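The values are calculated or read from the model by the stated rules, or taken from the named source; none is laboratory data. This structure is a prediction, so every number in the text was calculated from the model and none was measured. For neighbour counting, all protein chains shown are included, and Cβ atoms are generated from backbone atoms with ideal geometry for every residue, glycine included. Only protein heavy atoms, including side chains, enter the accessible area calculation; ligands, DNA and RNA are left aside. Shrake-Rupley method; radii C 1.70, N 1.55, O 1.52, S 1.80 Å.
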Number of protein chains: 2
Amino acid sequence: MVHADSQDPRAAGHQTETHGWDAELVPDERGRTARPEPDCPVEVALAAISGRWTTLVLRELMHGERTFSELRAALPTLSAKILTERLHELTARGLAHREQVNAFPPRVGYRLTAAGLALRPLLICLYETGAALSRSRAGTPAPPR
Amino acid sequence: MVHADSQDPRAAGHQTETHGWDAELVPDERGRTARPEPDCPVEVALAAISGRWTTLVLRELMHGERTFSELRAALPTLSAKILTERLHELTARGLAHREQVNAFPPRVGYRLTAAGLALRPLLICLYETGAALSRSRAGTPAPPR
DNA sequence: CAGTATCCCTGTTGATACTG
DNA sequence: CAGTATCAACAGGGATACTG
């Protein structure tokens, strides 16, 4: 899907020496920011997956609806505080939806909304890119700081 | 490109109700982590673009080689300290390369390596995903915290 | 079960000033 | 030009304990 494993920089294709904007990388005005503006699409996407554990919670929810304790079981070392925080963020951003189940014992289910499912290609792209980086330098020099 | 506008979650397609792993989302063992492991491909990719300003510095370098002051001019509100820090991180990770130019005045140029150019599809994916999110909820509820 | 409430600690950022 | 040094301020994360 993604051409990330070419060895020759030039063969990778897209680098230009012009000082103009690259239409594929920066298709419109919102991408030409001189600062990290919250409404830049890149910042919007980063905000959606920001925070430790968020991508893992998203991965779990990509598989279908999950209850609070199913999520805790899948991610045992994630504290209740942070899980709650992440689920609140996701619901506040309209990426997930909370559903009360009136049963005994009472349960709460979380499922992704259509907008949340839109993050799926991004997670796949992150995985592919990370795998390509690991391949291109099997021994990473060092984790900075 | 991204199917984010379907109203029915079921119709959006990929969500399965199985508790097994999704081969497209989690192709191999490294993606089945129960914690944010540094060697999970997703974490590797996130680490590569982590830090405020990093995606903007990458955007500039995607256009070709840039000197320290060209970068400062393109991103005027980015302090020298942080720019230096970002450039060090990128070079330490093998994503960028530093080149001394013996001239007068002496200059230093930075350009992306092949590994750095491999981040291009990710930046594009971030942009597209963010744009799709902005479209699907024109008025984002609220920036959490 | 599904959360809240505190406290503390650490990393990251940014402003400012200085240097080879 | 291309950085480094220092410091102050803050936000995020985790441990622990408690609740409707």
Of the residues in the range A:52-70 that are within 16 Å of DNA strand D (Cβ to nearest atom), at the interface with chain B (Cβ under 10 Å from one of its Cβ atoms) and of a type in the set (A, V, I, L, M, F, W, C), the one that is surrounded by the fewest Cβ atoms within 10 Å (Cβ to Cβ) is A:Trp53
Conditions (1) within 13 Å of DNA strand D (Cβ to nearest atom); (2) closer than 30 Å to B:Arg93 by Cα -> A:Ala132 fails only (1)
Given (1) within 16 Å of DNA strand C (Cβ to nearest atom); (2) touching a residue at least 60 places away in the same chain (Cβ under 8 Å), A:Val42 misses just (2)
Matching residues in the range A:33-46 (open to solvent by 10 Å² or more (accessible area, probe 1.4 Å) and farther than 15 Å from B:Trp53 by Cβ) number 2
Counting only residues in the range B:71-82 that are more than 7 Å from DNA strand C (Cβ to nearest atom) and within 20 Å of B:Val101 (Cα to Cα), the one least open to solvent (accessible area, probe 1.4 Å) is identified as B:Leu71
